[in-house]
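Note sheet for the following structure.
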Amino acid sequence: MSTSTEPTVTKRDEEEDEDSKPAADDEDTGAQIAPIVKLQEVAVTTGEENEDVLLDLKAKLYRFDKEGNQWKERGAGTVKLLKHKESAKVRLVMRQNKTLKICANHLVLSTMSVQEHQGNEKSCVWHAADFSDGELKDETFCIRFASVENCKSFKDKIEEIAESQSKESGDSEEADTAASLIEKLSVEEKAKDEKSEPKEVLSSSEDKKETIEKPVKPVSDE
């Protein structure tokens, strides 16, 4: 007589069956949760709103430490040449990536000269009175670009601006000189006129005095 036995269901099999059942769809209640804190938009100014961008390049900046006699990195970021819309002055500004901290901020003057750094065509050095730390300091900078083309563009643009500043300075000096000469001539002519006036007054007063003091000739009776 043959007998058959049913497969036994273990606890593990029951758990697997429960896991294999399709999960119920998440119910959409349609509820809207309002934010706890409401943030307001804040206008952020960079100080560059009244300036036109003449150059904008990625680079890494170094500053020469005189005390340690070595180059120290100021940061990697974006270097810009900005021209003010009213005064036409041009300044160099460089900010670090992410933090946007200023690592260079100075005017591009007619005396500024950019030179290649120790034969490296991707780097150049210059001196400037920098204001990035909140006070004027005489600094020596070295900047390194990713390509020779970017370094050349930076150097050529600086030289172009410096030459333009020198020409404007020369024109201004000539205008000031001409104005001072005109003013000097006007003062001299005025002084000359004032000096000649007393002579005329004195001459007329002397004539009057002679007329008064001249004795009257008596009339004789005939």
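The values are calculated or read from the model by the stated rules, or taken from the named source; none is laboratory data. If you're wondering where the values come from, they're calculated on a predicted model, not measured in any experiment. Cβ sites come from the backbone with ideal geometry, for glycine too, and all protein chains shown count toward neighbours.
Can you name every residue in region 47-59 that is surrounded by fewer than 18 Cβ atoms within 10 Å (Cβ to Cβ), charged (D, E, K, R) and part of a strand (DSSP E or B)?
Correct list: ASP52, ASP56, LYS58.
In region 123-132, which residue that is among the small types (Gly, Ala, Ser) and closer than 24 Å to GLU168 by Cα is surrounded by the most Cβ atoms within 10 Å (Cβ to Cβ)?
ALA128
Could you look through region 76-99, keep only residues that are β-branched (Val, Ile, Thr) and out of contact with any Phe, Trp or Tyr (no Cβ under 9 Å at 6 or more places or on another chain), and pick out the one that is surrounded by the fewest Cβ atoms within 10 Å (Cβ to Cβ)? Don't jump to the end; show me each part of the working.
Looking only at region 76-99, we keep the residues that are β-branched (Val, Ile, Thr), and these are 78-79, 90, 93, 99.
Narrowing further to those that are out of contact with any Phe, Trp or Tyr (no Cβ under 9 Å at 6 or more places or on another chain): 78, 90, 93, 99.
Working: THR78: 14, VAL90: 24, VAL93: 20, THR99: 10.
Top of the filtered list is THR99.
Can you find even one residue in region 155-167 that is surrounded by 14 or more Cβ atoms within 10 Å (Cβ to Cβ), within 21 Å of LYS72 (Cβ to Cβ) and either at pLDDT 95 or above or in contact with a strand residue (DSSP E or B) (Cβ under 9 Å, 6 or more places away or on another chain) (or both)?
Checked against the condition, which is being surrounded by 14 or more Cβ atoms within 10 Å (Cβ to Cβ), within 21 Å of LYS72 (Cβ to Cβ) and either at pLDDT 95 or above or in contact with a strand residue (DSSP E or B) (Cβ under 9 Å, 6 or more places away or on another chain) (or both), region 155-167 yields no hits at all.
Which condition number in (1) within 19 Å of GLU159 (Cα to Cα); (2) among the small types (Gly, Ala, Ser); (3) within 12 Å of the chain's Cα centre (by Cα) is the one that SER87 fails?
Tallying (1) within 19 Å of GLU159 (Cα to Cα); (2) among the small types (Gly, Ala, Ser); (3) within 12 Å of the chain's Cα centre (by Cα), SER87 fails exactly one: (1).
Condition first: among the polar types (S, T, N, Q), touching a residue at least 12 places away in the same chain (Cβ under 8 Å) and surrounded by 17 or more Cβ atoms within 10 Å (Cβ to Cβ). Can you find one or more residues in region 100-122 that meet it? Let's see the steps before the verdict.
Applying the first criterion (among the polar types (S, T, N, Q)) to region 100-122 yields 105, 110-111, 113, 115, 118, 120.
Checking the rest, the ones that are also touching a residue at least 12 places away in the same chain (Cβ under 8 Å) come to 105, 110-111, 113, 120.
Then drop every residue that is not surrounded by 17 or more Cβ atoms within 10 Å (Cβ to Cβ), which leaves 105.
Yes, the conditions are met somewhere in region 100-122.
Is it the case, given these coordinates, that THR140 is modelled with pLDDT under 95 and at negative phi?
Taking the combined requirement at face value, the residue does not satisfy it.
Taking the conditions exactly as written (among the charged types (D, E, K, R), in contact with a Phe, Trp or Tyr (Cβ under 8 Å, 6 or more places away or on another chain), at pLDDT 95 or above and within 24 Å of VAL44 (Cα to Cα)), does LYS122 satisfy them or not?
no
Could you pull out the residue among GLU73, GLU149, GLU135 that is modelled with pLDDT under 95 and exposed (fewer than 14 other Cβ atoms within 10 Å of the Cβ)?
GLU135
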